[in-house]
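Remarks on the structure that follows.
The values are calculated or read from the model by the stated rules, or taken from the named source; none is laboratory data. This one's a predicted model, so the numbers in the text were calculated from it and none came from an experiment. For neighbour counting, all protein chains shown are included, and Cβ atoms are generated from backbone atoms with ideal geometry for every residue, glycine included. Heavy atoms of the whole protein, side chains included, go into the accessibility calculation; ligands, DNA and RNA do not. Shrake-Rupley method; radii C 1.70, N 1.55, O 1.52, S 1.80 Å.
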Amino acid sequence: MPVFQGKSGLVFGIANERSIAWAITEQLAAEGADIGFTHLPDKDPERPKAEKRLRKLVEPLGAKLVMPCDVQRDEDLDAVFSAARETYGRLDFVLHSIAYAPLDDLQGPVYACSRAGFQLSMEISAYSLIALAGRARAMMNPGGSILAMTYLGGETVVPGYNIMGVCKAALESAVKYLAHELGPEGFRVNAVSAGPLKTLAASAVGDFSKMMKLYESFSPLRRNVTPEEVGRAGMYLLSDAAAAITGEVLHVDCGYHVMGAPPLEAQAE
Ligand code: 0WD
């Protein structure tokens with residue numbers, strides 16, 4: 001039987017077909033999951049670009065819930081969870097695949113980050129997980145699973161990742177505290193720390209192609225991850241196959257995070 005047969009959940013953060021949330025969705029859908037989706041509210045209601053892009057991807061999956069949601073707005077979040085309650089009754093999983101920082105602040109240096117840019121980046125990239133978890137816990141089935149997306153720049157310094165690294169550190173800490181708080185209720189909270197993938201959000205991070213070359217030369221597997229590999233790992237953590245895993249940050253990065261120094265052949269160059 002498909003792993004997600006009879007299970008339903010929400011996916012936040014598909015901007016287009018390159019989004020990591022879409023890669024995970026493809027795996028969940030292939031395993032029979034019934035998924036509701038949100039998109040960023042369109043500024044011009046006459047030209048609903050974000051909604052159109054998302055609908056084109058998810059309508060073939062038979063999505064019963066497609067709604068706008070700006071995670072900065074409590075009323076948007078409340079509307080999504082109340083619609084999910086009406087549509088699905090209870091939820092088995094929630095995927096948080098959202099991040100944002102204003103370009104000026106993202107470009108660094110960290111010491112020059114504006115107060116407003118810091119607040120906005122933290123609110124969208126880290127607080128939003130807390131806001132989702134608080135609402136999800138009231139309506140999840142036993143064994144329910146929440147997953148967030150993070151990056152190595154939240155654990156160690158990755159030049160160019162700047163203020164987003166500070167946000168990911170907060171996000172990863174939130175994963176652990178939420179795992180502690182929701183565990184007794186039977187819910188799990190984890191994160192996938194993915195290697196670089198060329199998405200819309202990634203295009204804002206400086207020197208991104210250099211980063212991809214680094215992974216090719218330095219990671220134990222000597223290559224970059226594929227969206228499908230990240231999708232499968234995300235699906236695993238959301239599934240019952242990971243029933244005893246919570247508070248975990250799973251690195252899906254071809255092993256890059258274990259290296260303390262470049263491989264000898266790369267050092268010789
Ligand atoms: O290399 C990468 N691409 C990696 C990404 C490596 C490791 C982790 N990640 C993380 C990101 O930091 C993020 O948390 O994965 C997550 C998804 O990122 P993505 O798939 O790389 O990027 P993208 O396709 O742009 O999706 C992020 C989405 C937004 O996209 P845009 O580009 O339209 O800002 O986050 C959503 C939105 O759909 N988003 C919001 N959703 C609700 N309310 C908001 C908001 N205020 N702001 C952004």
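With a bin width of 10 angstrom, please list the P(r) values of the range 88-227 as percents of all Cα-Cα pairs, from the 0 bin to the one holding the largest distance.
Bin by bin from 0 Å, the calculated values are 12, 38, 30, 17, 3.
Leaving ligands, DNA and RNA out of it, report the carbon-plus-sulfur percent of the accessible area of the range 3-122 at a 1.4 Å probe.
49 percent
In terms of the Cα gyration tensor, with a ≥ b ≥ c the square roots of its eigenvalues, is the range 4-43 rounded because a/c is under 1.5, prolate because a/b exceeds b/c, or oblate?
Oblate.
Please state the Cα pair-distance histogram of the chain with 10 angstrom bins from zero: what percent is in each bin?
All Cα pairs considered, the percentages come to 7, 30, 37, 20, 5, 1, 0.
Near Lys198, which lysines are there with a Cα under 23 Å away, not counting those fewer than 8 places off in the same chain?
Excluding near neighbours in sequence, the set is Lys49, Lys52, Lys56, Lys168, Lys210, Lys213.
Using a 10 angstrom cutoff on alpha carbons, build the Gaussian network for the chain and name the most mobile of His251, His39, His180.
Judging by the Gaussian network model, the answer is His180.
Amide H neighbours of Ser193 under 5 Å, counting only residues 5+ apart in sequence or on other chains, H built in-plane at 1.01 Å?
So Ser193 has HN proximity to Thr150, Leu250, His251, Val252.
Measuring from centroid to centroid over Cα atoms, what is the spacing of the range 218-269 and the range 111-190 in Å?
19 Å
What GluC sites (Glu not before Pro) in the range 140-197 are in a loop by DSSP, with at most 16 other Cβ atoms within 10 Å of the Cβ?
Glu155
Across all directions of projection, what mean area in square nanometres is found for the Cα convex hull of the range 165-214?
So the mean shadow area of the Cα hull is 4.3 nm².
Per-residue ellipticity at 222 nm for the chain, helices alone: DSSP H runs ≥ 4 residues times -39500 (n - 2.57), over residue total, nearest 500 deg cm²/dmol?
-12000 deg cm²/dmol
Excluding ligands, DNA and RNA, what is the solvent-accessible area per residue of the chain at a probe of 1.4 Å, expressed in Å²?
Accessible surface, normalised per residue, equals 48 Å².
Give the angle, between 0 and 90 degrees and rounded to the nearest 10, that separates the Cα long axis of helix 227-238 from the longest principal axis of the Cα atoms of the chain.
With both axes taken from Cα atoms, the answer is about 50 degrees.
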